[in-house]
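**Q** Have a look at the structure that comes next, please.
The values are calculated or read from the model by the stated rules, or taken from the named source; none is laboratory data. Since this is a predicted model, take the numbers as computed values, not measurements. Cβ coordinates were reconstructed from backbone atoms using ideal geometry, including for glycine residues, and neighbour counts include every protein chain displayed.
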Protein chains: 2
Amino acid sequence: MTRNTDAHDSDGLKTPRTTLRRKPDRGSHDWETIAAILDEGLICHIAFETDGQPYAIPTNYGRDGRTLYIHGSPASRLLQSLAEGIPMCLTVTLLDGIILARSVFHHSMNYRSVVVLGTARRVDAEEEKLQALEVIVDHIVPGRWGDARIPNERELKAVLVLRLEIDEASAKLRPGGVVDEPEDMDLPVWAGRLPLSLAVGEPEVDPEVALEQVVPAYIRDYKRP
Amino acid sequence: MTRNTDAHDSDGLKTPRTTLRRKPDRGSHDWETIAAILDEGLICHIAFETDGQPYAIPTNYGRDGRTLYIHGSPASRLLQSLAEGIPMCLTVTLLDGIILARSVFHHSMNYRSVVVLGTARRVDAEEEKLQALEVIVDHIVPGRWGDARIPNERELKAVLVLRLEIDEASAKLRPGGVVDEPEDMDLPVWAGRLPLSLAVGEPEVDPEVALEQVVPAYIRDYKRP
């Protein structure tokens, strides 16, 4: 038996399909890295194929340990297709900046992304369904579940919940600054980095909310982890 | 011959595959709506399938009329697969806010997204390749192409460029505020909207750039259309 000596593969998430063929130095199979990107993202894009046509559809998600939950209407094509147990890919991408090099060729972006491959399973047990919704809501707005009215039986029946185990996954990261050819370094071109992030605006209260109802701290001080 | 009476289908982008099955009021096949979302986005997610596994991969893009361009290394799995002429989906998603309803069930997000279905074609002519790169660079940072050193022949050869016609596409939009059940309106729960947008930070100059080189206006005043 050979010991796996890849320090980034201690979590068994690396497979030929999640191994970067290009720029492997940008790839990671480290669990903490993957979990942090999944936790910071608000939406994912899910790839699946139906009738010979692939789709990439944005949706919300939540993470509970090594399990990802997604949800939606039982009538949604995305969820109906995935519930059949077809192969899928769940991707989360965070944009961190634009890299402006002296040459067009070396322009790039700072980003962090995670790709999870697998097959989703339908969650039928009411208890797990409710817990999955809590995970999704508290992923998007931590603290919200305890405040809002939780789903009743009718509402719970009207939601399809799927779970995807994080068994095969990889992260890809492009941090850092400008890289240029040595012969371009003296060109009279401004070069640098333009940082990008998620801006959170001022909360806008629903006009029907009673005046004495104050903005909860988790909304007022909202930021991503 | 019957006249098409769908006001949102004046551009022929609507097909059974790009027609929303759920909440059709959130869907649009209006060209101006689709173009505006494509122009505001910085990255897209491309769905494609290879060896029975779908992938959703983030990448940059640019639009020239009804043509989308993407580019990358000839060694990239994404571009290699797409260059074979397989069906693909290009999705752009803009997040505009979080909707906090009184009930968990009615939580939602404000977003605008576009899905384009089709098959990419490889761009081989040097002239179109160069023009495609200009479209992509000026999509991300308008004005940049005129400043940076444009690709030489060797660099141009080292880039694979693909084009995708926007023949089959749809937009999906969730604007507006909170929707709650009438019986929940008096619950003592704060409800409202938390706006989200793209934040652009202060430009960080590359340490090797000469002191007299000022930040160009298109960087200093950078914002999305």
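**Q** Just checking, how many residues over region B:120-145 are more than 8 Å from chain A (Cβ to nearest Cβ) and either of a type in the set (Lys, Arg) or within 17 Å of A:Ile98 (Cα to Cα) (or both)?
**A** 10
**Q** Counting only residues that are among the β-branched types (Val, Ile, Thr), give me the strands (runs of 3 or more DSSP E) lying completely in region A:1-101 with at least 2 of them.
**A** Result: A:43-50, A:53-60, A:67-72, A:87-100.
**Q** On the given criteria, is B:Arg154 more than 8 Å from chain A (Cβ to nearest Cβ) and touching a strand residue (DSSP E or B) at 6+ places or on another chain (Cβ under 6 Å)?
**A** Working: more than 8 Å from chain A (Cβ to nearest Cβ): yes; touching a strand residue (DSSP E or B) at 6+ places or on another chain (Cβ under 6 Å): no.
So B:Arg154 does not fit the description; no.
**Q** Still on this model: Scan (1) at the interface with another protein chain (Cβ under 8 Å from one of its Cβ atoms); (2) part of a helix (DSSP H, G or I) for the single condition B:Glu183 breaks and write down its number.
**A** If we test B:Glu183 against (1) at the interface with another protein chain (Cβ under 8 Å from one of its Cβ atoms); (2) part of a helix (DSSP H, G or I), just (1) comes out false.
**Q** Right, something else. Mind checking which residues of region B:157-169 are under 16 Å from the mean Cα position of the chain (by Cα) and either within 11 Å of chain A (Cβ to nearest Cβ) or over 30 Å from B:His107 (Cα atoms) (or both)?
**A** Correct list: B:Leu162, B:Arg163, B:Leu164, B:Glu165, B:Ile166, B:Asp167, B:Glu168.
**Q** Find the residue count for region A:55-68, including only residues that are among the small types (Gly, Ala, Ser) and more than 7 Å from every other protein chain (Cβ to nearest Cβ).
**A** Count: 2.
**Q** Still on this model: Are there any pairs with C-beta distances below 8 angstrom linking a residue in region A:126-146 that is in a loop (DSSP other than H, G, I, E, B) to a residue that is modelled with pLDDT of 95 or more and of a type in the set (Gly, Ala, Ser), with the two at least 6 apart or on different chains, and if so which?
**A** The qualifying pairs are A:Gly143/A:Ala217.
**Q** Identify the residue in region B:69-93 that is in contact with a Cys (Cβ under 9 Å, 6 or more places away or on another chain) and more than 9 Å from every other protein chain (Cβ to nearest Cβ) and, among all such residues, is surrounded by the fewest Cβ atoms within 10 Å (Cβ to Cβ).
**A** B:Ile70
**Q** Does region A:198-207 hold any residues that are free of Cβ contacts under 8 Å to residues at least 24 places away in the same chain, part of a strand (DSSP E or B) and closer than 19 Å to B:Gly201 by Cβ, and which are they?
**A** So the first thing to find is which residues in region A:198-207 are free of Cβ contacts under 8 Å to residues at least 24 places away in the same chain, and the list is A:199-207.
Those still in the list that are part of a strand (DSSP E or B) too: A:199-200, A:204-205.
Answer for region A:198-207, where residues must be free of Cβ contacts under 8 Å to residues at least 24 places away in the same chain, part of a strand (DSSP E or B) and closer than 19 Å to B:Gly201 by Cβ: A:Ala199, A:Val200.
**Q** Out of B:Pro195, B:Pro182, B:Pro175, which single residue is free of Cβ contacts under 8 Å to residues at least 40 places away in the same chain, out of contact with any Ser or Thr (no Cβ under 9 Å at 6 or more places or on another chain) and closer than 30 Å to B:Arg26 by Cβ?
**A** On the way: B:Pro195 fails: free of Cβ contacts under 8 Å to residues at least 40 places away in the same chain; B:Pro175 fails: free of Cβ contacts under 8 Å to residues at least 40 places away in the same chain.
That would be B:Pro182, the only listed residue that is free of Cβ contacts under 8 Å to residues at least 40 places away in the same chain, out of contact with any Ser or Thr (no Cβ under 9 Å at 6 or more places or on another chain) and closer than 30 Å to B:Arg26 by Cβ.
**Q** State all residues of region B:104-116 that are out of contact with any Pro (no Cβ under 7 Å at 6 or more places or on another chain) and either of a type in the set (Val, Ile, Thr) or more than 15 Å from B:Leu94 (Cα to Cα) (or both); if no residue qualifies, say none.
**A** B:His106, B:His107, B:Val114, B:Val115, B:Val116
**Q** Would you point out which residue out of B:Lys172, B:Lys223 is more than 7 Å from chain A (Cβ to nearest Cβ), touching a strand residue (DSSP E or B) at 6+ places or on another chain (Cβ under 7 Å) and exposed (fewer than 15 other Cβ atoms within 10 Å of the Cβ)?
**A** B:Lys223
Listed here are the residues, each with its yes/no results for (1) within 30 Å of A:Pro216 (Cβ to Cβ); (2) crowded, with 21+ Cβ neighbours inside 10 Å; (3) of a type in the set (Lys, Arg).
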residue: A:Cys44; (1), (2), (3): yes, yes, no
residue: A:Asp51; (1), (2), (3): no, no, no
residue: A:Ile57; (1), (2), (3): no, yes, no
residue: A:Thr67; (1), (2), (3): yes, no, no
residue: A:Asp96; (1), (2), (3): yes, no, no
residue: A:Leu130; (1), (2), (3): yes, no, no
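**Q** Kindly list, by first and then second residue, each pair from a residue in region A:41-54 that is more than 7 Å from chain B (Cβ to nearest Cβ) and within 20 Å of B:Ala120 (Cα to Cα) to a residue that is part of a strand (DSSP E or B) and at pLDDT below 95, limited to pairs with Cβ atoms under 8 Å and residues at least 6 apart or on different chains.
**A** From region A:41-54, no pairs qualify.
**Q** Any idea which residue in region B:105-114 is nearest to the other protein chains (Cβ to nearest Cβ), counting only those that are surrounded by 21 or more Cβ atoms within 10 Å (Cβ to Cβ) and farther than 25 Å from B:Ala35 by Cβ?
**A** B:Phe105
**Q** Could I ask something else about it? Looking at the structure I just gave you, is A:Leu117 over 30 Å from A:Met185 (Cβ atoms) and either in a helix (DSSP H, G or I) or more than 9 Å from chain B (Cβ to nearest Cβ) (or both)?
**A** no
**Q** From the list A:Ala171, A:Ala210, which one is among the hydrophobic types (A, V, I, L, M, F, W, C), assigned to a strand (DSSP E or B) and more than 27 Å from B:Ala148 (Cβ to Cβ)?
**A** A:Ala171
**Q** The conditions are (1) at the interface with another protein chain (Cβ under 9 Å from one of its Cβ atoms); (2) under 24 Å from A:Ile136 (Cβ atoms); (3) in a strand (DSSP E or B), and A:Val215 fails exactly one of them. Which is it?
**A** Evaluating A:Val215 over (1) at the interface with another protein chain (Cβ under 9 Å from one of its Cβ atoms); (2) under 24 Å from A:Ile136 (Cβ atoms); (3) in a strand (DSSP E or B) leaves (3) as the failure.
**Q** Kindly indicate whether A:Pro188 is within 7 Å of another protein chain (Cβ to nearest Cβ) and touching a Gly at 6+ places or on another chain (Cβ under 6 Å).
**A** Here the answer is no, as A:Pro188 does not meet what is asked.
**Q** Still on this structure: Pick out the one residue from B:Leu156, B:Leu198, B:Leu162 that is surrounded by fewer than 21 Cβ atoms within 10 Å (Cβ to Cβ) and within 22 Å of B:Leu78 (Cα to Cα).
**A** Details: B:Leu198 fails: within 22 Å of B:Leu78 (Cα to Cα); B:Leu162 fails: surrounded by fewer than 21 Cβ atoms within 10 Å (Cβ to Cβ).
Every option except B:Leu156 fails the conditions.
**Q** Follow-up. For region A:80-97, does any single residue satisfy the condition of being under 20 Å from the mean Cα position of the chain (by Cα) and within 30 Å of B:Glu153 (Cβ to Cβ)?
**A** Yes - at least one qualifying residue is present in region A:80-97.
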